[in-house]
Amino acid sequence: MTESSGMAISLRGVERRFGEVAAVDGVDLDIAEGEFFSMLGPSGSGKTTVLRLIAGFDEPTAGTIELAGKPVHHLASYDRDVNTVFQDYALFPHLNVIENVEFGLRVRRIAKAKRRQLAREALERMRLGALETRRPGELSGGQRQRVALARAFVVDPKVLLLDEPLGALDKKLREQMQIELKDLQRNLGITFVFVTHDQEEALTLSDRIAVFNDGRIQQVDTPENLYSAPATEFVASFVGTSNLFDEQAAHRLLGLSGTYTIRPENLRFIAAESGRPGRLSGTVRNRMFIGSSHRTIVDVEELEISVLEPAGSPNREIGDAVAIDFNDADVRKLRTDGLSAA
Amino acid sequence: MRIPAPVKAVLSVIVCAVLAFVYIPLIIVVINSFNASQSLGWPPQSFTFEWWIRAFSDKVALSALGTSLVVAACATVIALVLGTLASLALDRFEFFGKEGVNLLIVLPIALPGIITGIALNNAFTTMLGMRLGLMTVIVAHATFCIVTIYNNVFARMRRMSGNLRDAAMDLGADAFTTFRLVTFPQLRSALLAGGLLAFGLSFDEIIVTQFTAGTGVQTLPIWIFDNMFRPNQAPIVNVIATFLVIVSIIPITLANRIGGKAATGVA
């Protein structure tokens, strides 16, 4: 992990302490050019602090940050070739839409006619052409979001940093913006670094995801691998839902040593008439219909096991004794190196 | 909220009584400035413009007005610069004793004028060995004018998203450009409102002025105070008072409108 050429962003041993507290505690990260990279984690996990360190709003207390192979951690934000889309959009309230978009071009002393033209193109791209003389206060949340995006990419940065940009939008609009963001990233061909606490959003959008907890990176991987092969207990439970077997439970129920996880959709009930015993047995505690599937919660000794079946599976009543089966290949061993959250 | 009719009636009467109590004396001053009787007999028997003509040819009164305008303008400018810088610093930086500094800046407006007056008088004459004059009045007024600017700007900074400055820098603006293009436009209405208030505070200040003006400097409030009990000057005092009422309505109306606009514009 010392080679950093061809990387848009490289972090080495980055640390940010606030007094005794380490908000970011030794982060190494390589983000490739043109990648849609997400930093996923609960609030307070350090993901936004890492973003602010890359943007230059904050300085690391230790470690180095490189953009395109050049160290930048000593540079102010205005000397870094990255631009940010803020969670609250941070549009300038005293400027109208097109003046907001022109801001970065204006401070770069680009001629008025030229910058107006570039800003118009950016607004057209975000389908905001009709709104250029409005003030930010007169726009809806989704429109502000798109102005903020236009303002950031119009200056042609190598990297766009997005700090929970969809957090303030309602579900429908958020899903629509996710598609737009993905399209935009593909069309611009630049690196997006996307901060979110929404695992579904991260899985949908990203080429790769870094999962943060307690100021450290738990795992960096593709969405598919994060889901199918979580490295730690924290990742297993934060990304999707998981059945966790701690050391004791794994030893007793699975006959394995270590900590393990099995995804709910990889468990299945054995039909009672088959007479086979199954690898786990328990009592149905609850059963929920969630559209495309049924989720059944089963008490297996002191564990709560969640089983996901396609809709239309045979019904189970609360209190039924059930036998559960699974394939060995779906049992994942987790890392227990102290990085995983309790 | 629904208010029962009898309560509404009682409240209306109270409001009318309070407003009447505040404004009837003012109206009497305005009417008396046209009262033909020099002893201001009430009700007025006849009206005249004589006092208005005499007031505007009274060299002493006019020079006092000029002095007041100069003092208020200078004190406001000093306060605008220092108050803005202080609030920017206290908003942006964390440092030991920040709360204490905040209190020290705001305190002069709460201090009784007589204390400020005595203290500054001592400081100017004994400690600094200065002659009392226009300069000392301006500095004295600036001490409490700073507060209105500081409070206005500080409140505005609190409401302003900290991300706006980050966003400007992120888009390539250095610290000075960020102030010029983003921070200052956000503060403009707060500065104007605070400045008008500071101007008004200075313009009618009398106690601190008494202690710091020395003998050569006469501001308008001091001139009024000196002349209001002289029988032959009383009508002219009424004219000046009327004039000031009219003149002060303008900035207060402006400040209100700006304040209202800013409140909706910044949200």
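Okay, here's what the table says:
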| read-out | value |
| --- | --- |
| Single residue of B:S248, B:S189, B:S202 found to be within 14 Å of chain A (Cβ to nearest Cβ) and either farther than 30 Å from A:E102 by Cβ or within 18 Å of the chain's Cα centre (by Cα) (or both) | B:S189 |
| Positions within segment A:242-268 being closer than 23 Å to A:G319 by Cα and in contact with a Pro (Cβ under 8 Å, 6 or more places away or on another chain), in sequence order | A:S242, A:N243 |
| Matching residues, segment A:114-130, being more than 21 Å from B:T177 (Cα to Cα) and out of contact with any Leu (no Cβ under 7 Å at 6 or more places or on another chain) | A:Q117, A:R120, A:E121, A:A122, A:L123, A:E124, A:R125, A:R127, A:L128, A:A130 |
| Residues within segment A:83-98 that are farther than 25 Å from A:L67 by Cβ, more than 8 Å from every other protein chain (Cβ to nearest Cβ) and not aliphatic (A, V, I, L, M), tallied | 1 |
| Helices (runs of 4 or more DSSP H) contained entirely in segment A:117-206, each with at least 1 residues that are small (G, A, S) and away from every other protein chain (no Cβ under 14 Å) | A:141-153, A:199-205 |
| Positions within segment A:66-82 being part of a loop (DSSP other than H, G, I, E, B), under 20 Å from B:F176 (Cα atoms) and more than 8 Å from chain B (Cβ to nearest Cβ), in sequence order | A:H74, A:L75, A:R80, A:D81 |
| Test: residue in segment A:215-222 that is touching a Gly at 6+ places or on another chain (Cβ under 7 Å), surrounded by 19 or more Cβ atoms within 10 Å (Cβ to Cβ) and in a loop (DSSP other than H, G, I, E, B) | yes |
| Of all residues in segment A:305-321 being aliphatic (A, V, I, L, M) and outside any strand (DSSP E or B), the one that is nearest to A:A249 (Cα to Cα) | A:I318 |
| Only one of A:F57, A:F103 that is at pLDDT below 95 and either assigned to a helix (DSSP H, G or I) or out of contact with any strand residue (DSSP E or B) (no Cβ under 6 Å at 6 or more places or on another chain) (or both) | A:F57 |
| Segment A:46-65, subset within 14 Å of chain B (Cβ to nearest Cβ) and touching a Lys or Arg at 6+ places or on another chain (Cβ under 9 Å), residue surrounded by the fewest Cβ atoms within 10 Å (Cβ to Cβ) | A:E59 |
| Qualifying residue in segment B:143-157 (condition: assigned to a helix (DSSP H, G or I), among the aliphatic types (A, V, I, L, M) and either under 17 Å from B:V208 (Cβ atoms) or within 12 Å of another protein chain (Cβ to nearest Cβ) (or both)) | yes |
| Residue within segment A:168-191 that is farther than 29 Å from B:L187 by Cβ, in contact with a helix residue (DSSP H, G or I) (Cβ under 7 Å, 6 or more places away or on another chain), touching a residue at least 60 places away in the same chain (Cβ under 8 Å) and buried (at least 19 other Cβ atoms within 10 Å of the Cβ) present | no |
| Residue tally, condition modelled with pLDDT under 85 and part of a loop (DSSP other than H, G, I, E, B), over segment A:257-289 | 5 |
| Checklist (1) without any contact (Cβ under 8 Å) to a residue 12 or more places away in the chain; (2) outside the structural domain of A:D325 (by TED's automatic domain parsing) applied to A:L226, failing item | (1) |
| Any hit, segment B:174-186, residues being in contact with a Gly (Cβ under 9 Å, 6 or more places away or on another chain), within 14 Å of another protein chain (Cβ to nearest Cβ) and farther than 19 Å from B:T143 by Cα | no |
| Residue check, B:T116 in contact with a Phe, Trp or Tyr (Cβ under 8 Å, 6 or more places away or on another chain) and hydroxyl-bearing (S, T, Y) | yes |
| Any hit, segment B:17-26, residues being more than 24 Å from the chain's Cα centre (by Cα), under 16 Å from B:V237 (Cα atoms) and either of a type outside the set (D, E) or at pLDDT 85 or above (or both) | no |
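Yes/no per residue for (1) at pLDDT 95 or above; (2) closer than 22 Å to A:R125 by Cβ; (3) touching a His at 6+ places or on another chain (Cβ under 9 Å):
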position: A:M177; (1), (2), (3): no, yes, no
position: A:D183; (1), (2), (3): no, yes, no
position: A:G189; (1), (2), (3): no, yes, no
position: A:F192; (1), (2), (3): yes, yes, no
position: A:L203; (1), (2), (3): no, no, no
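Listed here are the residues, each with its yes/no results for (1) crowded, with 23+ Cβ neighbours inside 10 Å; (2) farther than 26 Å from B:A75 by Cα.
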position: B:I149; (1), (2): yes, no
position: B:M160; (1), (2): no, yes
position: B:D174; (1), (2): no, yes
position: B:T177; (1), (2): no, yes
position: B:V182; (1), (2): yes, yes
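The values are calculated or read from the model by the stated rules, or taken from the named source; none is laboratory data. What you are looking at is a predicted structure, and each value in this text was computed from that prediction instead of being measured. Virtual Cβ from ideal backbone geometry, glycine too; neighbours counted across all protein chains shown.
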